[in-house]
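Asker: Here's a structure for you.
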Amino acid sequence: MSLPDKLMVFLGRTLSGHHHDSIMLKQELPPELDWFTDLNVRVDLGSLGIQADDRGDQLDIPTKKPRKSHKNPNPQLSEEQRAANTALSRVRIFIEHAIGGMKRSNILVHTFRNRIEHFEDDVIGVCAGLWNLVLSY
């Protein structure tokens, strides 16, 4: 999780392999607790299931384009939906830049071959700390 000024404020556990973002979010922050009550949360389309968990009132999720079908062979978003998606993207890009800034440390980009248990969590924590230090200058 990141602030709009690209400062990293929360890192979840790292998991090897492919894992869906919404499943990892449920593991880190259980839906039974009110984690996001006073926060404005912006997520991508990979987190559509977060709406079903009642994760706060200020949840910004982009509108998904409708699927192509026989009744709707050329699905399009309305201009209002496109404008809302664009506005959300303009805010979320800073979070993507924060993640990219952490990846300046090449250890996060290449295959991690260390066998020490939970060491990858320490490495990503150090990289996030270094990124936050870069932002403070």
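The values are calculated or read from the model by the stated rules, or taken from the named source; none is laboratory data. Not measured: the values here are computed from a predicted model. Backbone-built Cβ (ideal geometry, glycine too); neighbour counts: all protein chains shown. Surface areas here come from the heavy atoms of the whole protein model, side chains and all, with no ligands, DNA or RNA. Shrake-Rupley method; radii C 1.70, N 1.55, O 1.52, S 1.80 Å.
Asker: Within the set of pairs 6 or more residues apart or between chains, which connect a residue that is farther than 22 Å from F112 by Cα inside the stretch 13-28 to a residue that is polar (S, T, N, Q) with Cβ atoms less than 6 Å apart?
Answerer: S22/S47
Asker: Scan the stretch 1-18 residue by residue and report those that are open to solvent by 90 Å² or more (accessible area, probe 1.4 Å) and not acidic (D, E).
Answerer: M1, R13, S16, H18
Asker: Would you please list the contacts, defined by Cβ atoms under 6 Å and residues six or more apart or on different chains, that run from a residue in the stretch 109-137 that is over 14 Å from L11 (Cβ atoms) to a residue that is part of a helix (DSSP H, G or I) and at pLDDT 80 or above?
Answerer: Pairs that qualify, where the first residue is over 14 Å from L11 (Cβ atoms) and the partner is part of a helix (DSSP H, G or I) and at pLDDT 80 or above, are F112/E120.
Asker: Does the stretch 2-24 hold any residues that are on the phi > 0 side of the Ramachandran plot and modelled with pLDDT of 80 or more, and which are they?
Answerer: K6, the sole residue that qualifies.
Asker: Output yes when any residue across the stretch 2-11 is in contact (Cβ under 8 Å) with a residue 60 or more places away in the chain, over 20 Å from F112 (Cβ atoms) and outside any loop (DSSP other than H, G, I, E, B), and no when none is.
Answerer: yes
Asker: Further, regarding this structure: Of the numbered conditions (1) closer than 30 Å to G125 by Cα; (2) modelled with pLDDT of 85 or more, L48 fails exactly one; give the number of that condition.
Answerer: (2)
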